[in-house]
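The values are calculated or read from the model by the stated rules, or taken from the named source; none is laboratory data. Worth saying up front: this structure is predicted, and the values here are computed from it rather than measured. Here the Cβ is made from the backbone with ideal geometry for all residues, glycine too, and neighbour counts use every protein chain on show. Ligands, DNA and RNA are stripped out before the accessible areas are found, and what is left, the full protein with its side chains, is counted by its heavy atoms. Shrake-Rupley method; radii C 1.70, N 1.55, O 1.52, S 1.80 Å.
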Amino acid sequence: MTATSAAKKDGGRILVGTASWTDPGFVERWYPKKMAAHERLGWYAQHFEMVEVNSTFYSVPDARTVERWCATTPNNFIFDVKLHQLFSFHSTPRKLLPPGLQRLVQTDAKGKVTASTTLRDALLESFLRPMSILKSAGKLGVFLLQLSPAFSPRKHELHELEPLIEKLDHYQLAIEFRNRDWVVGNQLRSTIDFLRKRHVGFVNVDAPASDHFSVVPSELSEITNPNFSYLRLHGRDAKAYLTGKTVASRFNYDYSDKEIDEVADRSRKLAEDAKDVHVVFNNNNLDYAPRAATRLRTALGQSVPPASPQTPELF
């Protein structure tokens, strides 16, 4: 059984998925027991029409891996892909670069790469090579650039993003700001105008209510490219978000039914002005994300198979 179409009669398509399909909590609590690792993506694709690939933040996948992704998913399945952390102003250890580039870079005393235009260009070329497989298969959705909270208006300027934006002008690109100073007060309009002029998507978020500099306000629902809107859901626990030492602890949140209904309403409103809406659950502790995503699809009237199908035990 495959997930039915997310097309809407009165607006754009709403595609619902999770950030990654391989989190330990998914394996422990959501996938059928004893399911082999290579079978999980295909099973995931029976329940959702898209996924956000987060492993690419840490490494460049090889071509054979991407070919397997394509082979094990339906023709209409979409992969949104997070760009490598070197592009998003995060400090990057040399070991996270492709082997061919590791030998060519300089590092500081902590083993962090000294970024340069030459290095970024070489990494992008290496990155886009396997991505061309997804694009040729019609399965490449949006590239996600998740900026570091250290990328702030006090230390940086938006034009620093232009070289990457220009090199990705034949792709759909969305930018998630992790420093709220870009999207509050007078700076908000400048940021939105910058993205709109360059046809780059603004990543809207569902996040805790907090004035901390690393938490972007959830009340924003900006569309800067009419072809798509992007909504990432991080949970609403401010203490966990700000003090968690691991990814799972930071985004440890189980959305209530009322909150899922709120997300459904927000998604429908975004779909009034965008051709596609990509809704990604990043509350990736335990199996909270896939179960919340399934509940959202149900709230949106999208038909999904049962969470626990009658699958024979795998020996």
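Regarding THR65, is this residue open to solvent by 20 Å² or more (accessible area, probe 1.4 Å) and part of a helix (DSSP H, G or I)?
Yes; evaluated as a whole, the condition is true for this residue.
So if I check each of GLN102, GLN106, which one is open to solvent by 60 Å² or more (accessible area, probe 1.4 Å) and either without any contact (Cβ under 8 Å) to a residue 24 or more places away in the chain or among the aliphatic types (A, V, I, L, M) (or both)?
So the residue among GLN102, GLN106 that is open to solvent by 60 Å² or more (accessible area, probe 1.4 Å) and either without any contact (Cβ under 8 Å) to a residue 24 or more places away in the chain or among the aliphatic types (A, V, I, L, M) (or both) is GLN106.
Pick from PHE281, PHE251: which is among the aromatic types (Phe, Trp, Tyr), modelled with pLDDT of 95 or more and either in contact with a Pro (Cβ under 9 Å, 6 or more places away or on another chain) or under 19 Å from ASP80 (Cβ atoms) (or both)?
PHE281 is the lone residue from the list that is among the aromatic types (Phe, Trp, Tyr), modelled with pLDDT of 95 or more and either in contact with a Pro (Cβ under 9 Å, 6 or more places away or on another chain) or under 19 Å from ASP80 (Cβ atoms) (or both).
Just to confirm my filter: which helices (runs of 4 or more DSSP H) fall fully inside segment 110-204 and include at least 1 residues that are open to solvent by 40 Å² or more (accessible area, probe 1.4 Å) and at pLDDT below 95?
Output list reads 117-136.
Before we move on, is ASP23 free of Cβ contacts under 8 Å to residues at least 12 places away in the same chain and within 30 Å of SER152 (Cβ to Cβ)? Explain how you work it out, then say what you get.
Working: free of Cβ contacts under 8 Å to residues at least 12 places away in the same chain: no; within 30 Å of SER152 (Cβ to Cβ): yes.
When the stated conditions are applied, ASP23 does not pass them.
Pairs under 6 Å by beta carbon, first residue farther than 18 Å from ALA63 by Cβ in segment 80-98, partner open to solvent by 10 Å² or more (accessible area, probe 1.4 Å) and part of a helix (DSSP H, G or I), six or more apart or different chains?
Once the first residue is farther than 18 Å from ALA63 by Cβ and sits in segment 80-98, its partners that are open to solvent by 10 Å² or more (accessible area, probe 1.4 Å) and part of a helix (DSSP H, G or I) give LYS82/PHE57; GLN85/PHE57; PHE87/LEU164; THR92/GLN85; ARG94/GLN102.
How do the pairs read when you match residues in segment 151-169 that are under 13 Å from PHE89 (Cα atoms) and small (Gly, Ala, Ser) with residues anywhere that are assigned to a helix (DSSP H, G or I) and open to solvent by 30 Å² or more (accessible area, probe 1.4 Å), using Cβ under 7 Å and keeping only pairs 6 or more apart or on different chains?
From segment 151-169, the pairs are SER152/ASP181.
Condition check ((1) farther than 18 Å from GLY12 by Cβ; (2) in contact (Cβ under 8 Å) with a residue 60 or more places away in the chain) across all residues:
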residue: LYS258; (1), (2): yes, no
residue: VAL263; (1), (2): no, no
residue: SER267; (1), (2): no, yes
residue: ARG291; (1), (2): yes, yes
residue: VAL304; (1), (2): yes, yes
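With ALA238, ALA207 as the choices, which residue is surrounded by fewer than 17 Cβ atoms within 10 Å (Cβ to Cβ) and either within 22 Å of ALA293 (Cα to Cα) or touching a residue at least 60 places away in the same chain (Cβ under 8 Å) (or both)?
After applying the criteria, what remains is ALA238.
Hey, ALA71 hits all of (1) touching a helix residue (DSSP H, G or I) at 6+ places or on another chain (Cβ under 8 Å); (2) open to solvent by 30 Å² or more (accessible area, probe 1.4 Å) but one; which does it fall short on?
Against the list (1) touching a helix residue (DSSP H, G or I) at 6+ places or on another chain (Cβ under 8 Å); (2) open to solvent by 30 Å² or more (accessible area, probe 1.4 Å), ALA71 comes up short only on (1).
Could you grab me the full set of residues in segment 76-101 that are among the small types (Gly, Ala, Ser) and either within 28 Å of ASP276 (Cβ to Cβ) or under 16 Å from the mean Cα position of the chain (by Cα) (or both)?
SER88
Does segment 216-228 contain at least one residue that is within 17 Å of LEU15 (Cα to Cα), open to solvent by less than 30 Å² (accessible area, probe 1.4 Å), part of a strand (DSSP E or B) and touching a residue at least 24 places away in the same chain (Cβ under 8 Å)?
The answer is yes; a qualifying residue exists.
Which one of the conditions (1) at pLDDT below 85; (2) of a type in the set (Phe, Trp, Tyr); (3) under 18 Å from THR18 (Cα atoms) does PHE315 fail to meet, given that it meets all the rest?
(3)
Conditions tested, residue by residue: (1) open to solvent by 60 Å² or more (accessible area, probe 1.4 Å); (2) assigned to a loop (DSSP other than H, G, I, E, B); (3) among the hydrophobic types (A, V, I, L, M, F, W, C); (4) at pLDDT 95 or above.
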| site | (1), (2), (3), (4) |
| --- | --- |
| PRO32 | no, yes, no, yes |
| GLU39 | yes, no, no, yes |
| VAL51 | no, no, yes, yes |
| PHE79 | no, no, yes, yes |
| SER91 | yes, yes, no, no |
| LYS95 | yes, no, no, no |
